[in-house]
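Shown next, in structure tokens, is the structure this report addresses.
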Amino acid sequence: MTIIIAAWISGIALALGAVMALVRLARGPSILDRTLALDVLLVIIMCGLCLDMAVNRHLNHIVFIVVGCLVAFIGSVTIARYVTDRRTP
Amino acid sequence: MIAMALADGGVADTVLDWITAVCMVGGALMSVAAGIGLLRFPDLFSRMHAATKPQVLGLFLLLLAVALQIRAWAAVPVLLLAWLFQLLTAPVTAHMVGRAAYRTKHLKQEKLVLDDLNEVVSEAQRRLDERR
């Protein structure tokens, strides 16, 4: 019972965080802000999968957790590497 | 509720369930904190500060919750590996994003208390100009 109540609270909290990250993703003034928001969004999705594993007691999503870390890393580093300043001074 | 749990699982189960619940809620609150930080903070560097919270502590607490519910030692290395990857990649990502932000001037100069990089960059620029 404790687990179910805690899962509901955490699920709502994760959803709130995801919505706020999505707002920053849509509004973010620069591409780096959007990269950061996407990173946070991916981490929140990974947290949600962890929540599912904890509540239902299985390990089906653990591969995604491991791969998700690496994909987030490669994506952010690639974008950060190729970002340039195109604003006219 | 405690009496019910005692009847079917024992005290250890109840205690582990409570610890799991605390870990889950704590980990989820980290992502709310990151969301609020992303929305409210003024520039990229302060947003990066907020974004690290669910990446390291939030994921750790939720992986701990998984480990406490699975209760098998075989699961621990995989969970540890997942957290280790996150722990290794998060600082490198933050460094690369911060570096790109500084180079492309996506920052509010007046928000910085101290800018150590400015001296080094202007010195490097001066040497580059001399060579030309």
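The values are calculated or read from the model by the stated rules, or taken from the named source; none is laboratory data. Note that the structure is predicted; figures quoted are calculated from it, not measured. Cβ: placed from backbone, ideal geometry, glycine included. Neighbour counts: every protein chain shown. Each accessible area value is taken on the protein alone, full model and side chains, heavy atoms only, with ligands, DNA and RNA left out. Shrake-Rupley method; radii C 1.70, N 1.55, O 1.52, S 1.80 Å.
Which residues, counting only those in the stretch B:61-94, are open to solvent by 70 Å² or more (accessible area, probe 1.4 Å), over 14 Å from residue A:68 (Cα atoms) and not basic (Lys, Arg)?
B:73, B:74, B:77, B:80, B:91
When you look at residue A:34, is it basic (Lys, Arg), within 15 Å of the chain's Cα centre (by Cα) and either at the interface with chain B (Cβ under 7 Å from one of its Cβ atoms) or in a helix (DSSP H, G or I) (or both), yes or no?
yes
Considering every residue within the stretch A:72-88, establish whether at least one is under 21 Å from residue B:33 (Cα atoms), free of Cβ contacts under 8 Å to residues at least 24 places away in the same chain and surrounded by 23 or more Cβ atoms within 10 Å (Cβ to Cβ).
No: the stretch A:72-88 contains no residue that is under 21 Å from residue B:33 (Cα atoms), free of Cβ contacts under 8 Å to residues at least 24 places away in the same chain and surrounded by 23 or more Cβ atoms within 10 Å (Cβ to Cβ).
If I go through the stretch B:95-120 residue by residue, how many of them are in a helix (DSSP H, G or I) and open to solvent by 70 Å² or more (accessible area, probe 1.4 Å)?
Residues meeting the conditions: 11.
With the structure loaded, tell me whether residue A:9 is touching a helix residue (DSSP H, G or I) at 6+ places or on another chain (Cβ under 7 Å), without any contact (Cβ under 8 Å) to a residue 12 or more places away in the chain and either within 7 Å of chain B (Cβ to nearest Cβ) or part of a helix (DSSP H, G or I) (or both) or whether it fails that test.
yes
Assess whether residue A:15 counts as being more than 21 Å from residue B:100 (Cα to Cα), part of a helix (DSSP H, G or I) and either modelled with pLDDT of 95 or more or more than 7 Å from chain B (Cβ to nearest Cβ) (or both).
yes
May I ask you to verify whether residue A:32 is open to solvent by 60 Å² or more (accessible area, probe 1.4 Å), among the hydrophobic types (A, V, I, L, M, F, W, C) and touching a helix residue (DSSP H, G or I) at 6+ places or on another chain (Cβ under 9 Å)?
No; evaluated as a whole, the condition is false for this residue.
I want to confirm something. Restricting to the stretch B:14-31 and keeping residues that are open to solvent by 60 Å² or more (accessible area, probe 1.4 Å) and more than 7 Å from chain A (Cβ to nearest Cβ), which single residue is farthest from residue A:10 (Cα to Cα)?
B:15
Identify, from the list B:79, B:57, the residue that is within 9 Å of another protein chain (Cβ to nearest Cβ), in a helix (DSSP H, G or I) and modelled with pLDDT of 90 or more.
B:79
Could you grab me the full set of residues in the stretch B:105-132 that are more than 28 Å from residue A:31 (Cα to Cα) and either of a type outside the set (Asp, Glu) or touching a residue at least 40 places away in the same chain (Cβ under 8 Å) (or both)?
B:126, B:127, B:128, B:131, B:132, listed by residue number.
Just the residues that are in a helix (DSSP H, G or I) and surrounded by fewer than 19 Cβ atoms within 10 Å (Cβ to Cβ), please, taken from the stretch B:34-46.
B:36, B:39, B:40, B:45, B:46
Yes or no: residue A:80 closer than 20 Å to residue A:15 by Cα and in a helix (DSSP H, G or I)?
It is false that residue A:80 is closer than 20 Å to residue A:15 by Cα and in a helix (DSSP H, G or I).
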